[in-house]
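*Asks:* First the structure, which I've put down as structure tokens, then a few questions once you've had a look.
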Amino acid sequence: MKPSPKRRGAAPGIGIQSQKPRGDAQPPPQQTVREAIAAAAKAAPAEGEVSVLLTDDAAIQELNRTWRGIDKPTNVLSFPAAEKAGELLGDIVIAYETLHAESAAEGKPFLHHLAHLAVHGFLHLLGYDHATDSQAAAMEGLEREVLASLDIADPYRAHETGNA
């Protein structure tokens, strides 16, 4: 799915709340999230506000159970705003612990994987999806384009070559 034409325009405003786990040695995430969403908004323009919550696995598991009926943590969830929500595009929730585990398991820099999840979540707010092969190809192609503009390697390459 493609974003609706009425949501095209200036880069979105971004509000970020971080509930970073104690003792987490990863760099501060706010700048990475802002840069990733700004880059995504250049490729898929949208006007409005985006709220981003960086939280733990327990919190995202609760959201996943409540809204998707899946009782396990996930890396990112997106909650698009209702059409009549004014300037709000929606909310993105990213799980720190899952993000950390995935980046370590896949040998990716933490902030690169964070940028990928922020872009992925933002595109979901605009109506992009990956439920079918053609939708996935379109969404992943746009993610690759955005991440390349940030000098971040293709996050799907290892999966496609069978190395992940």
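Rule-based calculations on the coordinates, nothing more; no lab input. Treat the numbers as computed from the prediction; the structure is a model and nothing was measured. Cβ: placed from backbone, ideal geometry, glycine included. Neighbour counts: every protein chain shown.
*Asks:* Positive end of the charge dipole of segment 5-151 (Lys, Arg +1 and Asp, Glu -1 on Cβ, about the Cα centre): tell me which of Q19, Y96, A43 has its Cα farthest that way.
*Replies:* A43
*Asks:* Hey, another quick one. Quick one: which residues, 5 or more positions from L88 or on another chain, have an amide H under 5 Å from its amide H? H modelled 1.01 Å from N in the peptide plane, none for Pro or chain starts.
*Replies:* E49
*Asks:* Which FRET efficiency value, to the nearest 0.05, is calculated for R65 and A131 with the Förster distance at 30 angstrom and r the Cβ-Cβ distance?
*Replies:* 0.90
*Asks:* What size of dipole, in debye to the nearest 20, comes out for segment 5-151 about its Cα centre when the only charges are +1 on Lys and Arg C-beta atoms and -1 on Asp and Glu C-beta atoms?
*Replies:* Using only the charged Cβ atoms, the result is roughly 280 debye.
*Asks:* Given a Förster distance of 30 angstrom, what is the FRET efficiency for Q19 paired with K42, based on the Cβ-Cβ distance and rounded to 0.05?
*Replies:* For R0 = 30 Å, the calculated efficiency reads 0.60.
*Asks:* Of all DSSP beta bridges located in segment 5-151, what percent are antiparallel, nearest 5?
*Replies:* Around 30 percent of the beta bridges assigned by DSSP in segment 5-151 are antiparallel ones.
*Asks:* Can you compute 3J(HN,Hα) from phi for each residue in segment 91-98, using the Karplus curve 6.51 cos²θ - 1.76 cosθ + 1.60 with θ = phi - 60°, rounded to whole Hz and x for Gly and Pro?
*Replies:* With coefficients 6.51, -1.76 and 1.60, one gets 10, 10, 10, 10, 8, 4, 5, 5 Hz.
*Asks:* Still on this model: Taking the Cα-to-Cβ direction at R157 and at E102 and moving 7 Å from each Cα, how far apart do the two end points lie in nm?
*Replies:* It works out to 1.9 nm between the two label points.
*Asks:* Read phi for every residue in segment 103-114 and hand back ³J(HN,Hα) as whole Hz from Karplus 6.51 cos²θ - 1.76 cosθ + 1.60, θ = phi - 60°, with x for Gly and Pro.
*Replies:* Karplus-based 3J(HN,Hα) across segment 103-114 equals 5, 5, 5, 9, x, 9, x, 3, 5, 5, 5, 4 Hz.
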